[in-house]
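Below is one structure; the comments refer to it alone.
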Amino acid sequence: AVRRALEVCAEALPRAPVLVHCTHGKDRTGLLVSLLLHAAGASAEEVAAEYARTDAWAATAEGRAAQEAMLPARLAARLDLDGFCRASPATLHELWRRVEARYGSVDGYMSAIGVAPSTRAALRDALTAPRPPAEGGPVAGGERGQ
């Protein structure tokens, strides 16, 4: 499912914006968006900071109520919803640590789930803008920036 979601984004992004959403944006959506940011060339710190932006809403009373409304009552009663609704950078750093321990790198994970190098390149190209040329010079080697 993750591979297919990345492929759909790679196919659609050159033509139109893509909306990826869920109740909180920290679990499956957080993983997908973190992989998109990685493909675009964002550092682990940048990805973790973006992931943590979810916390600004998810940890509020409104965010907690939205999550509670989505959970079956028997499950909501057993969870620490305040903790469950949090999205800290440490969570994403731990995810990346586990991915790297098992697959060697985030790119290794993407290869293991079947994300083709061409899909990663298409994501990078769609999610980044060409760097402006240096004063009086051409764009260096076709490199792209964020």
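The values are calculated or read from the model by the stated rules, or taken from the named source; none is laboratory data. The structure displayed is predicted, hence computed values, not measured ones. Ideal geometry is used to build each Cβ from the backbone, glycine not excepted, and the neighbour counts take in all protein chains shown. The area values use the complete protein model at the heavy-atom level, side chains included, leaving out ligands, DNA and RNA. Shrake-Rupley method; radii C 1.70, N 1.55, O 1.52, S 1.80 Å.
Consider the range 68-116 and keep the residues that are of a type in the set (Asp, Glu) and more than 19 Å from the chain's Cα centre (by Cα). The one that is nearest to ALA56 (Cα to Cα) is ASP82. Of the helices (runs of 4 or more DSSP H) lying entirely inside the range 1-93, those carrying at least 1 residues that are at pLDDT 80 or above and touching a Lys or Arg at 6+ places or on another chain (Cβ under 6 Å) are 28-39. Checking each residue in the range 16-59 for being open to solvent by 50 Å² or more (accessible area, probe 1.4 Å) and closer than 21 Å to GLY83 by Cα picks out HIS21, CYS22, ASP27, ARG28, ALA49, GLU50, ARG53, ALA56, TRP57. Look at (1) assigned to a helix (DSSP H, G or I); (2) open to solvent by less than 30 Å² (accessible area, probe 1.4 Å) and you find that GLU100 fails only one, number (2). Applying the condition of being touching a residue at least 24 places away in the same chain (Cβ under 8 Å) and not polar (S, T, N, Q) to the range 60-83 and asking which residue is surrounded by the most Cβ atoms within 10 Å (Cβ to Cβ) yields GLY63.
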